[in-house]
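Any read-out appearing in this document is the output of simple, stated calculations on the displayed coordinates, not a laboratory observation. Keep in mind the model is a prediction, meaning the values are calculated, not measured. Reconstructed Cβ throughout: ideal geometry from the backbone, glycine too, with neighbour counts over all protein chains shown.
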């Protein structure tokens, strides 16, 4: 699978924005970097689909501009004025050349989704590999409106129960891409979340 993180070198606060090439060229989250549209044009002239993990500003800041430029389908769980299709728990969707299962994973936000197949996962902000709070398995913050630590724990448990032992590619909403034992990383994040301590120390 050919995946490009368009915002890996951004100097502004933004989520990761993953461009996946293939039969259905797909953008997972668009981020909030004003240079993202230009970066897309360097890579492709077509985007067929945009999938949103959730609608926090750092994940959708560039949405109107990119939608206007490419007129793609917009898939998300919660309503959005530009939405063309609603994604529901358990729904299958083609990303690039591969089919993924959609899981509704609230906790960081009520509308949060992840996309999973046997070897790759796009986790949004529910689980990340490394951030300023923890390395090799961190969970998303739950202190924002619509957040819930209990829901997040249940969501991470659901991700693990749906994950294959062959899961080796993790693309999270923030931080670096990870290749390796993804189940171990997610399990570490779950252990930390279950302690119910604040994600960030005051």
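Return the total of residues in region 58-76 being touching a residue at least 40 places away in the same chain (Cβ under 8 Å), more than 14 Å from residue 25 (Cβ to Cβ) and not in a helix (DSSP H, G or I). If you could, list the steps in order and put the result at the bottom.
Restricting attention to region 58-76, the residues satisfying the condition of being touching a residue at least 40 places away in the same chain (Cβ under 8 Å) are 58-59, 61-62, 72.
Imposing the further condition that a residue be more than 14 Å from residue 25 (Cβ to Cβ) reduces the set to 58-59, 61-62.
Keeping just the survivors that are not in a helix (DSSP H, G or I) gives 61-62.
Number of matching residues: 2.
In region 77-109, what count of residues is obtained for those that are assigned to a loop (DSSP other than H, G, I, E, B) and under 14 Å from the mean Cα position of the chain (by Cα)?
The total comes to 7.
Just a yes or no: is a residue in region 144-158 surrounded by fewer than 23 Cβ atoms within 10 Å (Cβ to Cβ), within 18 Å of the chain's Cα centre (by Cα) and closer than 25 Å to residue 1 by Cβ?
There is at least one residue in region 144-158 that is surrounded by fewer than 23 Cβ atoms within 10 Å (Cβ to Cβ), within 18 Å of the chain's Cα centre (by Cα) and closer than 25 Å to residue 1 by Cβ.
Looking only at region 6-36, which residues are more than 21 Å from residue 71 (Cβ to Cβ), out of contact with any helix residue (DSSP H, G or I) (no Cβ under 7 Å at 6 or more places or on another chain) and surrounded by fewer than 18 Cβ atoms within 10 Å (Cβ to Cβ)?
Result: 8, 9, 11, 12.
Being assigned to a strand (DSSP E or B), in contact (Cβ under 8 Å) with a residue 60 or more places away in the chain and surrounded by 14 or more Cβ atoms within 10 Å (Cβ to Cβ): is that true of residue 171 here?
On the way: assigned to a strand (DSSP E or B): yes; in contact (Cβ under 8 Å) with a residue 60 or more places away in the chain: yes; surrounded by 14 or more Cβ atoms within 10 Å (Cβ to Cβ): yes.
Yes.
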